[in-house]
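*Asks:* Input: one structure, supplied below.
The values are calculated or read from the model by the stated rules, or taken from the named source; none is laboratory data. It should be emphasised that the depicted structure is a prediction, and the values quoted were computed from it without experimental measurement. No Cβ is skipped: glycine too gets one built from the backbone with ideal geometry, and neighbour counts run over all protein chains shown.
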Amino acid sequence: MSSSVNVANENGVAVVMIDNPPVNALSFHVREPLYEALAALRDDATAKAIVIACAGRTFVAGADITEFGKPVQQPELRAIVALLETIAKPTVAAIHGTALGGGLELALGCHFRVADQGAKLGLPEVKLGLLPGGGGTVRLPRLVGATKALGMIVSGTPISASEAKTAGLVDAVFDGDLLAEGIRFAREMAAAGGPFTPVRERNGRLAETEPAAFDRQAAELAKKARGLEAPLACIEAVRNAITLPFDEALAAERQLFLKLVSGDQSRAQRHLFFAEREAAKVPGKDPQRRKIARVGIIGAGTMGGGIAMAFANGGFPVILLETSEEALQRGLSMIEKNYAVSVSRGSLSEEARQQRLGLFKGSTDYADLADCDLVIEAVFEDMAVKKQVFGKLDAVARPGAILATNTSYLDVNEIAASTARPQDVLGMHFFSPANVMKLLEIVRAEQTAPDALATVAELARRIGKVAVVVGVCHGFVGNRMLSARGAENEFLLLEGATPSQVDKAFTDFGWPMGPFQMGDLAGLDIGWRNRKARGLTAVVADTLCEQGRFGQKTGSGWYRYESGSREPAADSDVEELIRAKAAALGIARREIAADEIIERTLYPLVNEGARILEEGVAARASDIDVVWVNGYGFPIGKGGPMFWAGLEGGARIVERLEHWHERTGRPIFEPASLLRRFAETGSWEGVDC
């Protein structure tokens, strides 16, 4: 029929094959011939049953996201599903790979669903700031029950084929030739005879819903939404499936979808979806990747152990190197403990734990790194120490091995220059805990070879990281901007705010926690050590550190922590210290509003991002957004600092920065030239924000 949809008759079973690589998205050029094919087959007496299947590596993995927010070209998905529900003969969706979003909604229009045992099924629209717009919130509860559907839709997390079978979403799971099994299944259903009931008419699972249990689950999920609109809309839509007639619930779902798709939050989340795919791309010709089969990690402390776990979780054999047997065993024991915790929580099976632990080999001899394809240094953040490590590596690593440093701030060019192979050296800045946090800054040094960069960018995906390629400067993209964001923190305190007031302004904005609570979590001694190395001071924070108040690990920092608790409590001693320091500096304290806190912390954040773009440290404004959402907790519903700048208004940001620059004289408030241009054009380097 078309290049994207073909129909074949297999002895009375019509096979409708969708072929729209790479993921069979339901673009208009797929929907149109698909609708025509199904309409013709509905009245085709030679077809006793219909199987919808997909070519390539997956079933329909969703809608075409590039069409969102644009005028809808008919037929849309809802019309195709409605057509499916008018077909009297059995219809079967044969699912392999993933059936996500619109793909699963298409399958929900069929009478039956069969799946390959490796298939995943889900409705992840919430991750784009949306809800399922093709009837998913109304049909899924009719198959799996309202509470199961609510959890799937609000989390957006796919489930396995076996779980889908248990839940009632899938009718059969096969191991083998899925298409052949799907045709056989359809033929058996046709032979058994009808009538075949559309999902829209199956109300039995809805009747089983316990209102009190549903309300409790909905309240818990709403609490976790943290200002995001889509989870709340998903809850409302699933509730409508229970309380309203089918067509009314379907119409309400559509109205909620249209409201979300036109809103800033969904625009922001869709921006991030595409930004993550762009961030790891290496500019220029795509080079051939180097083979990475074995990984070495130098340093078995918190960072080194976490990095080692990230690679083991990805299936890579890991050699973990330490300077002493005692330090090595301490590191390996911590890794075992972390995996044991995962088993106790049910997030990891005992079999998987044993398999991952079997990938580790401990060593205190650099010679054992000789057959590694990638070696990552994760030692103390000191240039002399790191250069010494790379000198040793240079002597033992095989030719072509990639040598990476996990530095957070230091000059990767200087580290690379300590070897005879600077083309093989780059930065891999993991975020703590490295086995959990998604972000990986890949730092491109002046002589880093393109194939080394491309190899590590691809490797990041294999270990579940979101990679962003950045250039060399102090702190790279994330930590350099963090310094700008935090430059006013102590001034805000000295001038009249309290740590809890600043933190509340941040959490109200949408951050998971504020800068002072985050400082206590990370450890105030880290920043103190970094300031001393650079000859900088912070009158309040330095005093807290001199008093041994390093945060949660010592029971006190900016806040006080009761024994064993992670909950911060305001500390009158800290507030008295702040007042005393302000008085000593002759600073008159005053009331500081939340708007001022945001202006003096987040506007400089955007401004530093503009400087980073000007200098070419980041290739795209969207790369900066990916760094800040995935590594620092910038609210996903605001799309990252550079996207948010467009929502906030570049002219306003420039005007307020100029105000604070005139008032304080501090360079952090001097608007970058690119920011001024953004205020006029609304774009960063041609990237529409």
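*Asks:* Restricting attention to region 39-60, which residues are touching a helix residue (DSSP H, G or I) at 6+ places or on another chain (Cβ under 8 Å) and surrounded by 24 or more Cβ atoms within 10 Å (Cβ to Cβ)?
*Replies:* ALA49, ILE50, VAL51, ILE52, PHE59, VAL60
*Asks:* For region 470-489, check the following and say yes or no: at least one residue is part of a helix (DSSP H, G or I) and more than 26 Å from GLU278 (Cα to Cα).
*Replies:* Yes; the residues of region 470-489 include at least one that is part of a helix (DSSP H, G or I) and more than 26 Å from GLU278 (Cα to Cα).
*Asks:* Within region 375-391, count every residue that is without any contact (Cβ under 8 Å) to a residue 60 or more places away in the chain and small (Gly, Ala, Ser).
*Replies:* Qualifying residue count, region 375-391: 2.
*Asks:* When you scan region 108-226 for helices (runs of 4 or more DSSP H) that lie fully inside it, which ones turn up with 1 or more residues that are over 27 Å from GLN255 (Cβ atoms) and in contact with a Lys or Arg (Cβ under 7 Å, 6 or more places away or on another chain)?
*Replies:* The helices (runs of 4 or more DSSP H) meeting that bar are 161-167, 178-192.
*Asks:* If you don't mind, another one. What is the one condition in (1) assigned to a strand (DSSP E or B); (2) more than 19 Å from VAL318 (Cβ to Cβ) that VAL375 does not satisfy?
*Replies:* It is condition (2) that VAL375 fails.
*Asks:* Give the residues of region 409-433 that are out of contact with any strand residue (DSSP E or B) (no Cβ under 6 Å at 6 or more places or on another chain) and among the small types (Gly, Ala, Ser), sorted by residue number.
*Replies:* Correct list: ALA417, SER418, ALA420, SER432.
*Asks:* Of the residues GLU181, GLU208, which is at pLDDT 95 or above and charged (D, E, K, R)?
*Replies:* Only one candidate qualifies: GLU181.
*Asks:* If only one of ALA237, ALA251, ALA241 is out of contact with any Phe, Trp or Tyr (no Cβ under 6 Å at 6 or more places or on another chain) and surrounded by fewer than 19 Cβ atoms within 10 Å (Cβ to Cβ), which one is it? Show your work before the answer.
*Replies:* Numbers: ALA237 fails: surrounded by fewer than 19 Cβ atoms within 10 Å (Cβ to Cβ); ALA241 fails: surrounded by fewer than 19 Cβ atoms within 10 Å (Cβ to Cβ).
Among ALA237, ALA251, ALA241, only ALA251 is out of contact with any Phe, Trp or Tyr (no Cβ under 6 Å at 6 or more places or on another chain) and surrounded by fewer than 19 Cβ atoms within 10 Å (Cβ to Cβ).
Condition check ((1) more than 30 Å from GLY478 (Cα to Cα); (2) free of Cβ contacts under 8 Å to residues at least 40 places away in the same chain) across all residues:
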| site | (1), (2) |
| --- | --- |
| GLU336 | yes, yes |
| VAL343 | yes, yes |
| GLU350 | yes, yes |
| SER363 | yes, no |
| LEU369 | yes, no |
| ASP373 | no, no |
| GLY400 | no, no |
| THR405 | no, yes |
| ASN413 | no, no |
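*Asks:* Pick from region 173-198 the residues that are exposed (fewer than 11 other Cβ atoms within 10 Å of the Cβ) and touching a residue at least 60 places away in the same chain (Cβ under 8 Å): which of them is farthest from ALA47 (Cα to Cα)?
*Replies:* Per the criteria, the residue is THR197.
*Asks:* Can you give me the number of residues within region 526-551 that are surrounded by 18 or more Cβ atoms within 10 Å (Cβ to Cβ), touching a residue at least 24 places away in the same chain (Cβ under 8 Å) and in a helix (DSSP H, G or I)?
*Replies:* So the answer is 3.
*Asks:* If you take the residues of region 560-587 that are over 20 Å from ASP503 (Cα atoms) and at pLDDT below 95, which of them is nearest to the chain's Cα centre (by Cα)?
*Replies:* So the residue we want is GLY564.
*Asks:* Anything in region 84-107 that is farther than 13 Å from CYS54 by Cβ and in a helix (DSSP H, G or I)? List them, or say none.
*Replies:* Answer for region 84-107, where residues must be farther than 13 Å from CYS54 by Cβ and in a helix (DSSP H, G or I): LEU84, GLU105.
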